[in-house]
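Read through the structure below, which is laid out as structure tokens, and then see the notes.
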Amino acid sequence: MSQRVVIAGAGPTGLLLAAELRLAGVDTVVLERLPEPSGESRGLGLHVRSIEILNQRGLVPRFRTPETEVWPAMHFGLFWLKRPEGPKEDYTLAVPQWRTENALEGWATELGTEIRRGHELTGFTQDEDGVVVEVDGPDGPYRLDAAYLVGADGGHSRVRKLAGIGFPGSGSAFYGVLGDVVVKEGEKVDYSALLYPGGWMATVPIENGRKLRLMTTEFDQERPDNDVPVTDEELREAIKRVTGTAPDFEETTWLSRFGNSTRLADEYRSGRVLLAGDAAHVHYPIGGQGLNTGLQDAFNLGWKLAAAVQGRAPEGLLDSYEAERRPVGRRVCVNTQAQVSLLYPLEKITPLREIFGELVKFPEVNDFLLNLVTGVGTRYEFPLPEGAGEPHPLLGLLAPDVELATAEGSVSLPSLLHAGRGLLIRFTDAPLDTGGWNDRIDTVTAAPHPELDAAALLVRPDGHIAAATDDPDALHHALTTWFGTPSTDGGAR
């Protein structure tokens, strides 16, 4: 059987997944039908949860550059949410999608990923032993053998369609136009997003204020046919219809339309074929949740798929990808639909907005909504051994970014995950160790930490806490659940 994984789509999701697979030593090929990167930026921001997972691989400096804008706020249905105290540059970064793709492609290729541009997946067949992928390349058609195929090829995913995976939901009921505009020399424009009777309009500074993203949504305007090019005039007219004032700009670098189609794949896995990112879920692009949810899909899937390819995955590990990520995708679809309900028709929902605005002032409501749209509130439900009692409060959460005091000095917890392996942190000298899992787990002994109230913490390669315990049996259960049976050679690396 082939040990290769083929990924369709060289967007952020496919590139991060490829890098994660290569980090684990899996032969990975990415097929991208476009001959060159598009340079487009449909996605325009990295939320705090995405920054956190990138930090676990030491990648944040590739994204936080001198030209990176910091979003001043997050919103839910244009109700502005108060962010927690702390460095604002660590919360939400306005990174255009093309920059995200460049950074991830650089990392993926450094790790040995093969990216084939101008190579289009045209079909595939699968059986219990693998997948045969049919490709149309610059030199003609050919086939690729693979252990698994992943569709990260967008909302119109060919992989999903050929796999026969349903994509139920709703089509677009309204549409919007967006354009990236070059700012005049010396002009300073602040971030804004304002609601009007016929829609809403956002102005977002990007690339250190040198460009603006102008974005409209109109709830009662018919969308032009897809084959009609988007023009500067269409953007101007859309802004004028919404705000009553025509904008003054001289040059656009990119124009596009979007809608509010909301769909969720019936399943994220069909045999040896899996879906991630927009191939699995699409929704109204409010709050930048699409790109970020796709990155988090890839981060969840990568280490599990690598274990499956290498024959070391415990039973059910690969199925846990859908079990953990599909509810997140559904939640994103629901919360974006809820936000639309708070926007239109304005004359009818104004009383609701008044009450909702009062609710958002409560810290608990603010925090709930902020965690919802950024993904920070994501907590996976993990299996516990029989008779284990109540789960530890940390179980299923992403490990926090804290400093650990070790014999070698202070070290940040995320830095211990750079290699993409499991991690056991021991806070006592009790016999809680990885034993025969040393080929899959790194072990660190540290002084007790007030935010990590346990004798030992087992952290999965994706940063989620799989065990927080002082019970050797509970630790053994978590190790076998997520990392399989111990090696007979003692787990020597």
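The values are calculated or read from the model by the stated rules, or taken from the named source; none is laboratory data. Predicted model, so just to flag it, every value in this text is computed and none were measured. Quick reminder, even Gly has a Cβ in these numbers, built from the backbone with ideal geometry, and neighbours come from all protein chains shown.
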Residue in the stretch 378-387 that is modelled with pLDDT of 90 or more, closer than 30 Å to V365 by Cα and among the polar types (S, T, N, Q) present = yes
inquiry  = Whether any residue in the stretch 18-32 is assigned by TED's automatic domain parsing to the domain that holds S157, polar (S, T, N, Q) and part of a loop (DSSP other than H, G, I, E, B) is what I want to check.
reply    = no
query = Quick one: what pairs do we get from the stretch 295-313, first residue touching a residue at least 12 places away in the same chain (Cβ under 8 Å) and buried (at least 21 other Cβ atoms within 10 Å of the Cβ), second among the acidic types (D, E) and part of a helix (DSSP H, G or I), C-beta under 7 Å, 6+ apart or different chains?
reply = A298/E20; F299/E20; N300/E324; G302/E20; W303/E20
request  = Only residues that are farther than 22 Å from N335 by Cα and either in contact with a helix residue (DSSP H, G or I) (Cβ under 7 Å, 6 or more places away or on another chain) or crowded, with 16+ Cβ neighbours inside 10 Å (or both): list them for the stretch 59-85, please.
outcome  = L59, V60, R62, F63, R64, T68, E69, V70
task = Answer yes or no: is there a residue in the stretch 429-443 that is within 18 Å of Q56 (Cα to Cα) and touching a His at 6+ places or on another chain (Cβ under 9 Å).
result = no
key: V189 being in contact with a Pro (Cβ under 7 Å, 6 or more places away or on another chain) and closer than 23 Å to L255 by Cβ   = yes
ask   = Can you tell me how many residues in the stretch 259-279 are assigned to a loop (DSSP other than H, G, I, E, B), in contact with a Ser or Thr (Cβ under 8 Å, 6 or more places away or on another chain) and crowded, with 18+ Cβ neighbours inside 10 Å?
value = 2
query = Is it true that S256 is hydroxyl-bearing (S, T, Y), outside any loop (DSSP other than H, G, I, E, B) and touching a Leu at 6+ places or on another chain (Cβ under 8 Å)?
reply = yes
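Working only within the stretch 177-193, note down all residues that are within 18 Å of R236 (Cα to Cα), touching a residue at least 60 places away in the same chain (Cβ under 8 Å) and either assigned by TED's automatic domain parsing to the domain that holds G155 or not small (G, A, S) (or both).
Keep residues of the stretch 177-193 that are within 18 Å of R236 (Cα to Cα), which gives 177-184, 189, 192-193.
Filter once more, so that each one left must be touching a residue at least 60 places away in the same chain (Cβ under 8 Å): 177-182, 184, 193.
Those that are within 18 Å of R236 (Cα to Cα), touching a residue at least 60 places away in the same chain (Cβ under 8 Å) and either assigned by TED's automatic domain parsing to the domain that holds G155 or not small (G, A, S) (or both): V177, L178, D180, V181, V182, K184.
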ask   = Out of the residues in the stretch 303-330 that are of a type in the set (A, V, I, L, M, F, W, C) and in a loop (DSSP other than H, G, I, E, B), which is nearest to the chain's Cα centre (by Cα)?
value = L318
request  = Mind listing just one residue for me: the one in the stretch 34-62 that is at pLDDT 85 or above, in a loop (DSSP other than H, G, I, E, B) and within 28 Å of L194 (Cα to Cα) and, of those, farthest from the chain's Cα centre (by Cα)?
outcome  = G45
key: Matching option when the condition is crowded, with 22+ Cβ neighbours inside 10 Å and farther than 24 Å from A73 by Cα, among L178, L255, L235   = L235
query = Taking the stated definitions as given, is V230 outside any loop (DSSP other than H, G, I, E, B) and in contact (Cβ under 8 Å) with a residue 40 or more places away in the chain?
reply = no
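Identify, please: which residue in the stretch 331-357 is outside any helix (DSSP H, G or I) and either of a type in the set (D, E) or surrounded by fewer than 18 Cβ atoms within 10 Å (Cβ to Cβ) (or both) and is, among those, farthest from the chain's Cα centre (by Cα)? Give the derivation first.
Initially, the stretch 331-357 is screened for residues outside any helix (DSSP H, G or I), giving 342-345.
Filter again for either of a type in the set (D, E) or surrounded by fewer than 18 Cβ atoms within 10 Å (Cβ to Cβ) (or both), leaving 342, 345.
Values: L342: 25, P345: 31 Å.
Ranking the candidates gives P345 first.
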task = With the condition kept exactly as written, say whether any residue in the stretch 201-220 is in a loop (DSSP other than H, G, I, E, B) and farther than 27 Å from F63 by Cβ.
result = yes
